[in-house]
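To keep things clear, I will list the structure first and then write my remarks on it.
FYI, it's all coordinate maths here, none of it is from the lab. Treat the numbers as computed from the prediction; the structure is a model and nothing was measured. Backbone-built Cβ (ideal geometry, glycine too); neighbour counts: all protein chains shown.
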Amino acid sequence: MSVIFAPSWLRGTAKINQDIVQRLLEENDQLIRCIVEYQNKGRANEYQHVLHRNLIYLATIADSNTAISSKAPE
């Protein structure tokens, strides 16, 4: 199960830290390897949607951090 699964009542309350981001990146690496292996065997797989969700989540974190950085006083 992906590390970003969380009940709806917990969503938005978690603090994002480097450890969480690193675990997602490692999970994405494993997912990509698995997807490639399945594609080379000509088989469909269900891991692409998990990878997509992880990438969207990481992009959302990056966007929010960029927005916060641009509003910070210099």
Review point. Can you pull out the residues in region 17-33 that are out of contact with any helix residue (DSSP H, G or I) (no Cβ under 7 Å at 6 or more places or on another chain) and of a type in the set (D, E, K, R)?
Key: 19, 23, 26, 29, 33
Practice item. State all residues of region 39-61 that are surrounded by 13 or more Cβ atoms within 10 Å (Cβ to Cβ) and over 28 Å from residue 17 (Cα atoms); if no residue qualifies, say none. Key: 45
